[in-house]
1. If Pro150 satisfies all but one of (1) outside any loop (DSSP other than H, G, I, E, B); (2) more than 26 Å from Glu247 (Cβ to Cβ), what's the number of the condition it fails?
2. Give me a count of the residues in region 89-140 that are in a helix (DSSP H, G or I) and among the aliphatic types (A, V, I, L, M).
3. Can you tell me which of (1) touching a helix residue (DSSP H, G or I) at 6+ places or on another chain (Cβ under 9 Å); (2) in a loop (DSSP other than H, G, I, E, B); (3) surrounded by fewer than 17 Cβ atoms within 10 Å (Cβ to Cβ) is the one Gly15 doesn't meet?
4. Scan region 222-239 and give yes if some residue there is part of a helix (DSSP H, G or I) and either without any contact (Cβ under 8 Å) to a residue 40 or more places away in the chain or surrounded by fewer than 20 Cβ atoms within 10 Å (Cβ to Cβ) (or both), otherwise no.
5. Within region 107-130, which residues are touching a Lys or Arg at 6+ places or on another chain (Cβ under 9 Å), of a type outside the set (S, T, N, Q) and in contact (Cβ under 8 Å) with a residue 40 or more places away in the chain?
6. Quick one: Ile178 ticks every box in (1) over 22 Å from the mean Cα position of the chain (by Cα); (2) assigned to a helix (DSSP H, G or I); (3) surrounded by 14 or more Cβ atoms within 10 Å (Cβ to Cβ) except a single one, so which number is it?
7. Can you say whether Val26 is crowded, with 19+ Cβ neighbours inside 10 Å and either in contact (Cβ under 8 Å) with a residue 12 or more places away in the chain or among the aromatic types (Phe, Trp, Tyr) (or both), as far as the supplied structure shows?
8. When you scan region 126-145, do you find a residue that is at pLDDT below 95, over 15 Å from the mean Cα position of the chain (by Cα), surrounded by fewer than 20 Cβ atoms within 10 Å (Cβ to Cβ) and in the same structural domain as Arg204 (by TED's automatic domain parsing), even just one?
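The values are calculated or read from the model by the stated rules, or taken from the named source; none is laboratory data. Just so it is clear, the model here is predicted, and its values are computed rather than measured. Here the Cβ positions follow ideal geometry from the backbone for every residue, glycine too, while neighbour counts run over all protein chains shown.
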Amino acid sequence: MTNELPIGVFDSGVGGLTVAAAMKRVLPAEAILYFGDTARCPYGDKTPQQVLEYSLEVCDFLVSQGVKMLVVACNTATAAALPALQARYSVPVVGVVGPGARAAAMATQSSRIGVIGTQVTIASGVYEHAVHALIPAAQVYSLACPEFVPLVERGETSGAAVEEIVRNRLQPLKSLEIDTLVLGCTHYPHLQGVIQHVMGDGVRLISSADETAREVKSALEATGQSAGVRTAVPDRYFTSGDPLWMERALRRWLMDDTAVGSAARIDLNQVTVR
């Protein structure tokens with residue numbers, strides 16, 4: 001039955017585990033098929049065409065495994081590839097930009113919103129467009145933070161050295177009197193404590209993870225595809241890089257002590273799905 005199929009989730013690396021964790025909280029009955037493209041991470045320093053090609057390769061693989069929905073748990077891939085992915089597959093495809101923009105629009109009191117993300121995401125203007133569709137008069141200030149994804153991928157999320165990098169990068173936003181800051185990359189919530197400290201308690205941080213999980217829930221219910229009770233299908237995790245690193249990330253970010261031996265490496269060059 002379609003309802004028992006897993007939900008495919010993908011990211012350039014381990015950042016999308018923030019979305020997977022939110023989905024496990026909001027949708028405990030659903031099984032997740034996660035792919036972290038860690039061998040080619042970060043996506044943010046690639047061209048939009050490269051990101052599109054990588055996204056198609058990963059999603060082709062996930063669809064070949066049998067999924068009832070795809071969640072693009074990567075802001076860069078959402079910005080560069082979402083329309084193409086939605087046109088390619090018969091299953092619903094959900095991105096993270098729309099949910100994040102809606103959460104920011106609901107949170108702001110001053111309509112002065114900051115957005116941080118990868119170079120591809122920021123250059124696309126996708127968050128500005130999404131926020132202005134909701135609040136036409138909003139002032140949106142965007143900043144690329146290319147150093148942040150490599151920090152998270154290395155597991156460096158706190159400490160004096162990390163704070164110095166974050167403080168230096170976010171300095172341009174400090175004087176703009178924003179009251180809301182969108183963490184426009186699913187890696188960034190892993191740095192949330194440091195970012196909040198740097199920006200101050202007067203700035204509300206928005207992660208798209210919870211909002212995306214709620215959107216997935218609504219989409220499943222609308223199409224009658226909710227699992228209802230916990231499916232017998234297990235969660236599975238794939239990576240294009242080191243499976244041991246993926247397992248460490250699973251233990252750290254999903255608090256999953258059963259992750260040993262649970263991640264499999266997939267060489268997308270050896271996978272042919274059409």
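1. Here Pro150 meets the rest and fails (2).
2. Restricting attention to region 89-140, the residues satisfying the condition of being in a helix (DSSP H, G or I) are 97-107, 119-124, 126-134.
Now drop any that are not among the aliphatic types (A, V, I, L, M), which leaves 97, 101, 103-107, 120, 122-123, 126, 130-131, 133-134.
Result for region 89-140: 15.
3. (3)
4. The first filter runs over region 222-239 and keeps only residues part of a helix (DSSP H, G or I), leaving 222.
Those still in the list that are either without any contact (Cβ under 8 Å) to a residue 40 or more places away in the chain or surrounded by fewer than 20 Cβ atoms within 10 Å (Cβ to Cβ) (or both) too: 222.
There is at least one residue in region 222-239 that is part of a helix (DSSP H, G or I) and either without any contact (Cβ under 8 Å) to a residue 40 or more places away in the chain or surrounded by fewer than 20 Cβ atoms within 10 Å (Cβ to Cβ) (or both).
5. Ala107, Ile116, Val120
6. (2)
7. Values: crowded, with 19+ Cβ neighbours inside 10 Å: no; either in contact (Cβ under 8 Å) with a residue 12 or more places away in the chain or among the aromatic types (Phe, Trp, Tyr) (or both): yes.
It is false that Val26 is crowded, with 19+ Cβ neighbours inside 10 Å and either in contact (Cβ under 8 Å) with a residue 12 or more places away in the chain or among the aromatic types (Phe, Trp, Tyr) (or both).
8. Our first condition is that a residue be at pLDDT below 95; within region 126-145, this holds for none.
No, every residue in region 126-145 fails to be at pLDDT below 95, over 15 Å from the mean Cα position of the chain (by Cα), surrounded by fewer than 20 Cβ atoms within 10 Å (Cβ to Cβ) and in the same structural domain as Arg204 (by TED's automatic domain parsing).
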